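For reference, the structure is listed below as structure tokens.
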Amino acid sequence: VQLQAYGGGLVQAGDSLRLSCAASGRTFSSGAMGWFRQAPGKEREFVSGIRWSAGDTYYADFVKGRFTISRDNAKNTVYLQMNSLTPEDTAVYYCAARRGAVVTSTLNAYEYWGHGTLVTVSS
């Protein structure tokens with residue numbers, strides 16, 4: 001499975017961005033996808049996740065009400081709509097996939113990772 005994340009960029013505080021993560025190769029109808037981020041000097045952290053089949057969504061507390069994760073099964077693509085961005089959201093955002101159907105915030109539970117896309121929010 002190959003994952004490619006894109007959609008990052010430079011925006012101002014309060015703006016919105018939509019990230020996309022396209023999966024290719026040996027994709028799977030079950031399993032889960034997650035978005036993580038890593039800010040400079042900080043550890044990578046869980047942002048949001050979604051189960052491929054049921055579509056259940058999960059969010060870190062710091063993005064609840066601002067970010068929305070969704071998926072398009074036909075396109076093997078997961079999206080992360082980010083609204084009301086703040087400078088604290090500045091980070092490299094990664095998408096990840098795991099064969100297990102449970103969404104988890106544990107990094108090493110995900111077998112596949114994309115290269116990441118940089119989101120920079122200016123004040």
Those residues that are within 11 Å of Gly114 (Cα to Cα) and assigned to a strand (DSSP E or B), I need them from segment 1-19; list them, please. Gln2, Leu3, Gln4, Ala5, Tyr6
When you go through Ala97, Ala101, Ala74, Ala91 one by one, which is the residue that is of a type in the set (A, V, I, L, M, F, W, C) and in contact with a Phe, Trp or Tyr (Cβ under 7 Å, 6 or more places away or on another chain)? Ala97
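Would you pick out the residues in segment 56-69 that are in a loop (DSSP other than H, G, I, E, B) and loosely packed, with under 15 Cβ neighbours inside 10 Å?
Our first condition is that a residue be in a loop (DSSP other than H, G, I, E, B); within segment 56-69, this holds for 56, 60, 64-66.
The answer is Asp56, Lys64, Gly65.
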Can you find, within segment 36-75, the residue that is modelled with the highest pLDDT among those that are touching a Gly at 6+ places or on another chain (Cβ under 9 Å) and of a type in the set (D, E, K, R)? Arg37
Gln81: open to solvent by 30 Å² or more (accessible area, probe 1.4 Å) and closer than 23 Å to Ser123 by Cα, yes or no? yes
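Okay, residues lined up against (1) touching a strand residue (DSSP E or B) at 6+ places or on another chain (Cβ under 6 Å); (2) open to solvent by 20 Å² or more (accessible area, probe 1.4 Å); (3) outside any loop (DSSP other than H, G, I, E, B):
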{"site": "Ala22", "(1), (2), (3)": "yes, yes, yes"}
{"site": "Trp35", "(1), (2), (3)": "yes, no, yes"}
{"site": "Arg71", "(1), (2), (3)": "yes, yes, yes"}
{"site": "Ala97", "(1), (2), (3)": "yes, no, yes"}
{"site": "Gly100", "(1), (2), (3)": "no, yes, no"}
{"site": "Leu118", "(1), (2), (3)": "yes, yes, yes"}
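The values are calculated or read from the model by the stated rules, or taken from the named source; none is laboratory data. Since the structure is predicted, the reported quantities are computational estimates derived from the model, not experimental observations. All Cβ positions, glycine included, derive from the backbone under ideal geometry; neighbour counts span all protein chains shown. Each accessible area value is taken on the protein alone, full model and side chains, heavy atoms only, with ligands, DNA and RNA left out. Shrake-Rupley method; radii C 1.70, N 1.55, O 1.52, S 1.80 Å.
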